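Everything on this sheet refers to the single structure shown next.
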């Protein structure tokens with residue numbers, strides 16, 4: 001195994017790690033303060049298709065976390081970055097609440113398609129618009145490919161099936177930008193001047209947070225809060241670099257052993 | 001593109017014709033006949049060659065479909081149309097399946113005699129505007145709730161051509177539900193072998209003496225060839241130049257349209 005490189009960046013998942021729904025994980029605010037005293041760049045990362053950075057920031061500061069907007073990186077940000085890199089104009093099949101994260105990106109005369117969770121856009125006419133653009137060469141960008149999700153009144157189709165249908169019809173493959181895709185983690189580090197080997201990811205989702213980060217070359221710390229279930233750490237290979245109780249413990253480990 | 005000689009046009013006793021993209025282009029107001037196709041059909045009938053339409057049309061019953069074609073100048077009867085819905089009904093009856101239908105409104109009468117209460121399968125057709133999120137979600141919830149999910153797709157085309165542009169076909173939505181439910185659909189219609197075989201049976205000609213003419217290189221041409229027929233790719237309908245270099249399917253010939261195919265075939269008779 002190569003010699004460990006110095007730690008320069010820490011990625012922190014949000015829901016399930018820093019907070020669980022509307023309550024902060026006990027001690028997390030102080031732990032974050034301590035982490036900031038170290039010479040590391042901190043980024044807060046999450047998959048979302050309908051919460052803008054502004055919404056997330058509001059929730060986190062409301063819970064007592066000291067966070068700046070530019071430190072938040074979401075799957076929507078990843079999509080936006082990709083659009084800017086490729087210099088394309090998207091047809092946005094995303095929730096209205098996600099639109100603020102795309103301000104400044106031109107959408108006239110689109111030559112790209114972005115698909116998030118947006119049932120109101122998944123009707124035949126809009127799907128045909130997207131289909132024709134992609135068939136003519138427009139890149140298809142998927143925020144993620146979830147098959148379905150749970151709502152109060154039952155299971156509901158996620159964006160995954162619609163992305164799959166478009167892929168089949170156009171004989172192309174979507175670029176998926178959310179966790180656990182490698183692109184997501186690499187994009188989160190863009191602008192931090194840190195390589196994946198110099199970063200660690202802290203999260204409660206063994207596959208999407210820890211597995212994904214480690215596939216991208218980072219180290220992963222699995223915390224036993226949020227959606228964690230016993231023996232989750234046995235489900236990925238390689239196993240998490242570390243499994244510990246919660247975010248404050250993860251920060252302790254980082255400060256004592258990884259700098 | 002130069003033809004590779006006309007050997008493919010010999011020893012023919014019957015033709016299977018795809019409809020959309022060969023006879024006419026569908027669209028608002030019923031559609032627009034493709035130049036030369038109505039005359040080509042007349043010439044086929046006058047020549048003594050047998051004729052059967054082999055279509056994945058699922059936006060109308062066979063009777064209405066034949067009537068519509070007749071009104072456009074194509075003199076064909078409902079019996080000359082081999083389409084997926086009747087084949088699906090046979091399958092549903094054989095296997096005791098009660099379908100939830102996600103199809104075009106105008107296709108529903110084809111299933112009038114089928115028991116649809118307490119559905120234990122989903123039948124997917126070219127539902128067009130009926131492909132709403134709500135309708136797809138309903139089909140999805142039924143499938144995911146079944147102990148043994150059965151998804152029957154009437155065809156699996158990727159897209160077809162209408163007068164106002166290309167449109168998503170049933171295949172895209174079949175793939176969507178397959179992905180959502182982690183299930184594999186059964187396809188009734190082209191390119192399923194049994195569907196071509198029933199079209200040949202209705203044509204009354206063995207595969208070696210039949211030629212299929214279509215605009216879909218995979219579902220029409222590839223599917224027909226796999227049954228032992230010769231098959232021609234027309235450059236009308238959903239044809240795109242990239243079809244000339246398909247990695248897997250090599251049509252027996254490319255022709256500009258049905259009229260050209262019939263010219264050549266009749267010359268070789």
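The values are calculated or read from the model by the stated rules, or taken from the named source; none is laboratory data. None of these values were measured; they are calculated from a predicted model. Here the Cβ is made from the backbone with ideal geometry for all residues, glycine too, and neighbour counts use every protein chain on show.
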Of all residues in region B:223-242, which are free of Cβ contacts under 8 Å to residues at least 40 places away in the same chain, farther than 14 Å from residue B:209 by Cα and surrounded by 24 or more Cβ atoms within 10 Å (Cβ to Cβ)? B:223, B:233
If I filter region B:48-57 for residues that are crowded, with 17+ Cβ neighbours inside 10 Å and modelled with pLDDT under 95, do I get at least one hit? yes
Out of region A:163-175, which residues are in contact with a strand residue (DSSP E or B) (Cβ under 9 Å, 6 or more places away or on another chain) and surrounded by fewer than 24 Cβ atoms within 10 Å (Cβ to Cβ)? A:167, A:172, A:173, A:174, A:175
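Give A:65, A:73 a once-over and let me know the one that is modelled with pLDDT of 95 or more and surrounded by 21 or more Cβ atoms within 10 Å (Cβ to Cβ). Lay out the reasoning, then the answer.
On the way: A:65 fails: surrounded by 21 or more Cβ atoms within 10 Å (Cβ to Cβ).
Sole residue among the options that is modelled with pLDDT of 95 or more and surrounded by 21 or more Cβ atoms within 10 Å (Cβ to Cβ): A:73.
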Taking the criterion of being facing chain A (nearest Cβ under 8 Å) and free of Cβ contacts under 8 Å to residues at least 40 places away in the same chain, would at least one residue in region B:108-129 satisfy it? yes
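Only residues that are over 18 Å from residue B:132 (Cα atoms) and free of Cβ contacts under 8 Å to residues at least 40 places away in the same chain: list them for region A:134-148, please. Please lay out each step first, then the result.
Of the residues in region A:134-148, the ones over 18 Å from residue B:132 (Cα atoms) are A:134-146.
Passing the criteria: A:134, A:135, A:136, A:137, A:140, A:142, A:145, A:146.
Restricting attention to region B:155-169, does a residue exist that is under 19 Å from residue B:88 (Cα atoms), without any contact (Cβ under 8 Å) to a residue 40 or more places away in the chain and under 13 Å from the mean Cα position of the chain (by Cα)?
Initially, region B:155-169 is screened for residues under 19 Å from residue B:88 (Cα atoms), giving B:155-157, B:169.
If we keep only those that are without any contact (Cβ under 8 Å) to a residue 40 or more places away in the chain as well, we get none.
No, that holds for no residue.
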Could you list, in sequence order, the residues of region A:200-217 that are in a helix (DSSP H, G or I), touching a strand residue (DSSP E or B) at 6+ places or on another chain (Cβ under 7 Å) and touching a residue at least 60 places away in the same chain (Cβ under 8 Å)? A:209, A:213
Inspect region A:236-256 for any residue being modelled with pLDDT under 95, under 20 Å from the mean Cα position of the chain (by Cα) and surrounded by 15 or more Cβ atoms within 10 Å (Cβ to Cβ) and give the result as yes or no. yes
Suppose we filter region A:131-146 for residues that are farther than 16 Å from residue A:94 by Cα and facing chain B (nearest Cβ under 8 Å); how many remain? 2
Test set (1) more than 28 Å from residue A:193 (Cβ to Cβ); (2) away from chain B (no Cβ under 14 Å); (3) free of Cβ contacts under 8 Å to residues at least 60 places away in the same chain; (4) crowded, with 17+ Cβ neighbours inside 10 Å - residue A:128 fails condition number: (2)
Tell me yes or no: at least one residue of region B:18-27 is in contact (Cβ under 8 Å) with a residue 40 or more places away in the chain, surrounded by 15 or more Cβ atoms within 10 Å (Cβ to Cβ) and within 18 Å of residue B:250 (Cα to Cα). yes
Residue A:197 passes all but one of the listed conditions (1) away from every other protein chain (no Cβ under 14 Å); (2) surrounded by 18 or more Cβ atoms within 10 Å (Cβ to Cβ); (3) more than 16 Å from the chain's Cα centre (by Cα); the exception is number (2)
Of the numbered conditions (1) at pLDDT 95 or above; (2) more than 28 Å from residue B:269 (Cβ to Cβ), residue B:80 satisfies every one except a single condition; which is it? (2)
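Where in region B:180-269 are there strands (runs of 3 or more DSSP E), lying fully within it, with 2 or more residues that are touching a helix residue (DSSP H, G or I) at 6+ places or on another chain (Cβ under 6 Å)?
In region B:180-269, the matching strands (runs of 3 or more DSSP E) lie at B:210-214, B:230-234, B:253-255.
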The correct count of residues that are crowded, with 24+ Cβ neighbours inside 10 Å and more than 8 Å from every other protein chain (Cβ to nearest Cβ) in region B:161-173 is 1
Residue B:137, sole failed condition from (1) surrounded by 20 or more Cβ atoms within 10 Å (Cβ to Cβ); (2) under 27 Å from residue A:153 (Cα atoms): (1)
Determine which single condition residue A:220 fails, assuming it passes every other condition in (1) in contact (Cβ under 8 Å) with a residue 60 or more places away in the chain; (2) surrounded by 24 or more Cβ atoms within 10 Å (Cβ to Cβ); (3) away from every other protein chain (no Cβ under 14 Å). (1)
Go through region B:174-189 and give me each residue that's more than 25 Å from residue A:125 (Cα to Cα), over 16 Å from the mean Cα position of the chain (by Cα) and more than 8 Å from chain A (Cβ to nearest Cβ). B:183, B:184
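Just name the residue that is surrounded by the fewest Cβ atoms within 10 Å (Cβ to Cβ) out of those in region A:85-123 that are within 14 Å of chain B (Cβ to nearest Cβ) and assigned to a loop (DSSP other than H, G, I, E, B). Explain how you work it out, then say what you get.
From region A:85-123, those within 14 Å of chain B (Cβ to nearest Cβ) are A:93, A:95, A:113, A:115-123; that's our starting set.
Among the residues that remain, those that are also assigned to a loop (DSSP other than H, G, I, E, B) are: A:95, A:116-118, A:122-123.
Working: A:95: 20, A:116: 24, A:117: 23, A:118: 21, A:122: 24, A:123: 16.
So, considering only residues that are within 14 Å of chain B (Cβ to nearest Cβ) and assigned to a loop (DSSP other than H, G, I, E, B), the one surrounded by the fewest Cβ atoms within 10 Å (Cβ to Cβ) is A:123.
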Taking the criterion of being at the interface with chain A (Cβ under 8 Å from one of its Cβ atoms), closer than 28 Å to residue A:133 by Cα and out of contact with any helix residue (DSSP H, G or I) (no Cβ under 6 Å at 6 or more places or on another chain), would at least one residue in region B:151-160 satisfy it? no
Hey, residue B:9 hits all of (1) closer than 22 Å to residue B:222 by Cα; (2) in the same structural domain as residue B:209 (by the TED database) but one; which does it fall short on? (2)
Quick check on my filter: what residues within region A:154-183 are part of a loop (DSSP other than H, G, I, E, B) and within 10 Å of another protein chain (Cβ to nearest Cβ)? A:158, A:171
